[in-house]
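**Student:** The structure is given below, and queries will be raised subsequently.
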Amino acid sequence: MLFRIAKTLAVSLILTIVSGCAGGIKGLGVEQETVLEESSPISSSPPGWVLGKGHPSFPQNKFLIGIGISEKNSVSANESARSNLAKNLKVKIHSTMVDVSTTEQSHVESVIETEVDTVLEGVEIKDGWLDQGKGVYYSLATVERSLAASTIQDRIRNIQSVLQRNMKEGVEAENRSEVVTALSNYLSGYQKAPAILPLKSALNVINRSRENSESQNISAGEFESKVKGIVQNLNLATVSGDRQIVKTQKGVADPLVAKVFLLKGGNQSPVANISVVYNYETGQGELEQEKTSGPDGLVQTTVHKISSYEESNHVITVKLDYSRFLSNFNGEFVEKFLSPLKNKRATFNYIVQTPKWASNKSQAWRESITDLSNQLIRNIPPGKNPLLGVMLFKDLRYERVTPFSRVLNEDIKTLLARAEDLKLQEIEFDEEQQPGEIAKANGLDYYVSGSYRMERGGLEIRSRLIDTQTRNIQSSAHILIKRKELNPDDLALIDTMAEEFKSAEKKKSYQEQLEKLVAAKPHNSSFLANVWTDKKEYEIAEKIVFYVKAEKNGYLTLLDVGPNGNITVIFPNKYHRENFIRGGVTYQIPSPDYGFEFDVQGPAGLERIKAIITLNKVSLLKLDLDKGFHSVERETTRGTRTIQALSKQVDSVDSSSWAESYSEIFIFKKGEKYTRGSRKIPIIPEPKKPIDMIGTFGLEQNKN
């Protein structure tokens, strides 16, 4: 909006001065110290300048004049003269400025006030008169027009120079896409440009001219146009990470990458050092919110954890950090131009498809799979956020991946996806690759591998958590689910697959043979056995003692399976070649009469102990005890042949004439012991059955 300054103010001032000549006006105080001496010549008749006729020594074509009066003394009259000169000058300046935008009004007033004060610094009191009859003092203040004009011209030149520099440096910065620097110059120029108009108006008043050189100036409008151009063309856009499908509760796999750029002639010029904020618009999760664009204009964040599953589609926006951006500039007017930046944004969407239980899974199945998953993750060190993958389990009888393997795989992932501080990675399976190779190809920290087989008592599932880098076993898990708890469709699928793969058995690898041996047990043993250690956790270099007890006399083979898959035959050994044990007797290995102790050697991870007791003397292994203890090494031709022979020999023993026992210990690196089992997955409750509302209403109606 524009406002008009009425020219009547000038008329008002003239009336005021005329009225002052009659002796009724009081002056305003100023800083000038020159005073009219009391001893000045006193005339009975007023001089011409008191009557408004001018002063012969100070013609108005060369001087600005102010007349002051006071009933107190000459000092007050002097102050009144200076004040009236200033008022007269201000009114005349305003009268030449017909239209001034409201946004510039306060700034214009400030400039006029400043420049008039500057002019007053050259004012001198040149004459005075005392009306003795009325006791009124009159004073004449003057300033040379040329002196006042020179001061204002210098001021105009200085401001014009600053405006030209602001425009030049702003354009150069904008060409370099240095947005903050460019805006700082443009906004500074916009703030200073309105000062030119009142200064030139003052100069015209002082010089008594009507010159208008406005076209030679850089106007506030030009700076405003530059600012609006940047604000309009500064944008954000998504680069990558949009429209991901998330199948884990741990977070979004790929980072959310956006770009801050300035649009120039249809091209996107990257803008560096711009602060942005990422926030959820729909859904909830944990992400890094505050980021700053790099030299390429790129900013990115990572969703570490998804916290809300009410919405299947989550929306994350990235916006300019407006408050921080605004803090780079001064002036109340700044937000008027920059406020559109509040709405600049880019949007990312991702779809949450976490695995879910099938509705026909029994609660016993849910609890068993939860137990299996908790066994697997119990030995993962706390304070880390490892990436985990689940391989397809095989039918242990035929070492084949079956359609049921995929059912089991999805249910295990359903549970592991709920574990705290774990990331579950969806992986592509290549049947030609080994699990370890797949894990490395997918960048996994750990992977889950396992097998299942249908026994008379139900479905037995065994699994292992393996460190991808070392290939050492970190944890193992074992559950048995009764047949009646299995979904009928799953049960039929398992039995059908058994027939399909009967003729398709293939040669098993070392690891597969080893897992078959660890899982081996008789169907109807006639006695029980037990194996244990003095504690469940050890650090490398600690002492360890094994204990074995069987209900009947028999022959003991005690195997220690290291985390790396190597086997050590603990018993029999060089120091105790006879492996006969008596029923009901607890045997300690090493016993005090051995003359030595066992030190835990490592590597760190899960160590498994398997005791096999046969009623008859059966040579399960051809032992080489020259080095003290027989060993079987993984990934060697001899080791593979040995494990195959051992597994075959165990299978050949009549199931009623042998027993087995299994135990585990966990080995820590020296000085790196931590609390195992800190990660815990809660059991997913069985979903409630929906209420049949029609049936309910029907019952109510019958009652009535």
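The values are calculated or read from the model by the stated rules, or taken from the named source; none is laboratory data. Treat the numbers as computed from the prediction; the structure is a model and nothing was measured. Cβ atoms come from the backbone with ideal geometry, glycine included; neighbour counts cover every protein chain shown.
**Student:** All but one of (1) closer than 27 Å to I245 by Cα; (2) of a type in the set (G, A, S); (3) in contact with a Leu (Cβ under 9 Å, 6 or more places away or on another chain) hold for G457; which doesn't?
**Tutor:** Result: G457 passes all but (1).
**Student:** Can I ask one more? L558 - would you say it is surrounded by 21 or more Cβ atoms within 10 Å (Cβ to Cβ), within 21 Å of I665 (Cα to Cα), modelled with pLDDT under 90 and aliphatic (A, V, I, L, M)?
**Tutor:** No.
**Student:** Please verify whether the stretch 296-312 includes one or more residues that are at positive phi and surrounded by 19 or more Cβ atoms within 10 Å (Cβ to Cβ).
**Tutor:** yes
**Student:** Okay, next question. Cβ-Cβ below 9 Å, separation at least six or inter-chain, first residue in the stretch 521-540 and without any contact (Cβ under 8 Å) to a residue 60 or more places away in the chain, second crowded, with 17+ Cβ neighbours inside 10 Å and among the hydroxyl-bearing types (S, T, Y): which pairs?
**Tutor:** none
**Student:** To continue, here is another question. Step by step: first the residues of the stretch 404-453, then only those that are at pLDDT 85 or above and in a strand (DSSP E or B), then the one that is nearest to the chain's Cα centre (by Cα). Which residue is that?
**Tutor:** Y446
**Student:** Given F348, F325, which one is in contact with an Asp or Glu (Cβ under 6 Å, 6 or more places away or on another chain) and of a type in the set (F, W, Y)?
**Tutor:** Residue meeting the stated conditions: F348.
**Student:** Look through the stretch 334-344, keep the residues that are crowded, with 16+ Cβ neighbours inside 10 Å and out of contact with any Asp or Glu (no Cβ under 9 Å at 6 or more places or on another chain), and return whichever of them is farthest from Q289 (Cα to Cα).
**Tutor:** Checked the stretch 334-344; the qualifying residue farthest from Q289 (Cα to Cα) is V334.
**Student:** Given the structure, is S312 touching a strand residue (DSSP E or B) at 6+ places or on another chain (Cβ under 9 Å), assigned by TED's automatic domain parsing to the domain that holds K259 and within 17 Å of T181 (Cα to Cα)?
**Tutor:** When the stated conditions are applied, S312 does not pass them.
**Student:** If you don't mind, there's one more thing I want to ask. Pull up the stretch 537-555, narrow it to residues that are crowded, with 21+ Cβ neighbours inside 10 Å and among the aliphatic types (A, V, I, L, M), then point me to the one that is nearest to R464 (Cα to Cα).
**Tutor:** Step by step, filter the stretch 537-555, then rank; the result is V548.
**Student:** Residues of the stretch 584-616 being more than 17 Å from W532 (Cβ to Cβ), of a type outside the set (A, V, I, L, M, F, W, C) and in contact (Cβ under 8 Å) with a residue 24 or more places away in the chain, which ones?
**Tutor:** Hits for the stretch 584-616 are E597, D599, Q601, G602, P603, G605, T614, N616.
**Student:** Looking only at the stretch 454-468, which residues are in a strand (DSSP E or B) and within 30 Å of S307 (Cα to Cα)?
**Tutor:** Across the stretch 454-468, the qualifying residues are S463, R464, L465, I466, D467.
**Student:** I've got another one for you. Select, from I306, I369, the only residue that is assigned by TED's automatic domain parsing to the domain that holds V407 and in contact (Cβ under 8 Å) with a residue 60 or more places away in the chain.
**Tutor:** None of the others qualify; the one that does is I369.
**Student:** If a residue has to be among the polar types (S, T, N, Q) and over 32 Å from the mean Cα position of the chain (by Cα) to count, how many in the stretch 661-676 make the cut?
**Tutor:** Count: 2.
**Student:** Against the condition within 26 Å of N217 (Cβ to Cβ), of a type outside the set (G, A, S) and touching a residue at least 60 places away in the same chain (Cβ under 8 Å), how does R145 come out, does it pass?
**Tutor:** Taking the combined requirement at face value, the residue satisfies it.
**Student:** Looking at the stretch 625-652 only, could you name the residues that are in a loop (DSSP other than H, G, I, E, B) and in contact (Cβ under 8 Å) with a residue 60 or more places away in the chain?
**Tutor:** F629, H630, E633, R634, E635
**Student:** Another question about this same structure. Inspect all residues belonging to the stretch 208-223 and state whether any of them is of a type in the set (A, V, I, L, M, F, W, C) and not in a helix (DSSP H, G or I).
**Tutor:** Looking through the stretch 208-223, at least one residue is of a type in the set (A, V, I, L, M, F, W, C) and not in a helix (DSSP H, G or I).
**Student:** Restricting attention to the stretch 404-416, which residues are within 10 Å of S373 (Cα to Cα) and among the hydrophobic types (A, V, I, L, M, F, W, C)?
**Tutor:** Matches in the stretch 404-416: I412, L415, L416.
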